[in-house]
Amino acid sequence: MDVSDSQEKPSWYLEPFEGESASHYFGRFRRQPEVNMSSAASLSRLAKMGPVLFKWEHFYFNPPPKRMEIEAIAKLISLDMEKLEAMLPPPGEHVVHRSTRLCATCYREAPYHRMMWQFQSVAGCEKHRLRLLSRCPGCSTKIPLPNEWEAGACKQCGMKFRSMMKRQKPYQ
């Protein structure tokens with residue numbers, strides 16, 4: 001990865017999806033052939049930021065990300081700071097970090113993890129009025145971290161995330 005100060009985006013630039021979580025984004029970013037980094041630690045070391053990306057990929061935001069961390073990572077990957085900040089929880093928003101949450105119906109429409117699904121204040125998908133899943137309905141295995149969602153399926157039984165929508169319960 002060679003970062004330049006030119007206006008043109010580098011070949012490994014990756015545009016984030018609307019509302020995408022940092023965990024999902026950095027998993028996608030690191031799997032690109034031009035980047036090909038197996039761990040968040042490798043990318044954090046390049047930014048000279050310690051385990052910051054590991055924490056973000058695991059939804060550990062306590063203490064909240066520091067401005068200098070966000071700036072360093074944004075500069076390293078040639079991403080506008082505002083776009084990176086949009087992938088992190090807003091100040092004061094607590095996140096669920098013990099399990100990954102998923103609206104399979106949203107995922108079927110656009111296959112990526114939304115940061116808002118991890119907010120403790122969110123009990124279900126407002127758009128589809130369905131409860132969020134934290135376990136595979138096929139085998140009860142925890143949904144993997146979004147940075148690992150290359151296949152879009154349960155790691156244990158192989159059930160596709162998009163097919164899990166049939167098992168989502170209504171949310172009031």
Hey, residue 99 of a type in the set (Gly, Ala, Ser) and either within 19 Å of residue 16 (Cα to Cα) or at pLDDT 95 or above (or both) or not | no
Kindly indicate whether any position in region 94-102 is buried (at least 22 other Cβ atoms within 10 Å of the Cβ), within 14 Å of the chain's Cα centre (by Cα) and among the hydroxyl-bearing types (Ser, Thr, Tyr).
-> yes
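Take the conditions surrounded by fewer than 13 Cβ atoms within 10 Å (Cβ to Cβ) and closer than 19 Å to residue 145 by Cβ and apply them to residue 31. Does it pass?
Here the answer is no, as residue 31 does not meet what is asked.
Residue by residue, here is whether (1) closer than 26 Å to residue 9 by Cβ; (2) at pLDDT below 95 holds:
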position: 72; (1), (2): yes, yes
position: 76; (1), (2): yes, yes
position: 112; (1), (2): yes, no
position: 119; (1), (2): no, no
position: 134; (1), (2): no, no
When residue 44 is evaluated against the numbered criteria (1) modelled with pLDDT under 90; (2) over 19 Å from residue 149 (Cβ atoms); (3) surrounded by fewer than 20 Cβ atoms within 10 Å (Cβ to Cβ), which criterion, by number, is the only one it fails?
-> (3)
Selection from region 145-158 of residues surrounded by 18 or more Cβ atoms within 10 Å (Cβ to Cβ) and in a loop (DSSP other than H, G, I, E, B) yields 145, 149, 154
For region 1-89, which helices (runs of 4 or more DSSP H) that fit wholly inside it have 2 or more residues that are acidic (Asp, Glu), more than 23 Å from residue 118 (Cα to Cα) and more than 17 Å from the chain's Cα centre (by Cα)?
-> none
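The values are calculated or read from the model by the stated rules, or taken from the named source; none is laboratory data. Nothing here was measured: the structure is a model prediction, and the numbers come from that model. Every residue, glycine as well, gets a Cβ built from its backbone with ideal geometry; the counts of neighbours run over all protein chains shown.
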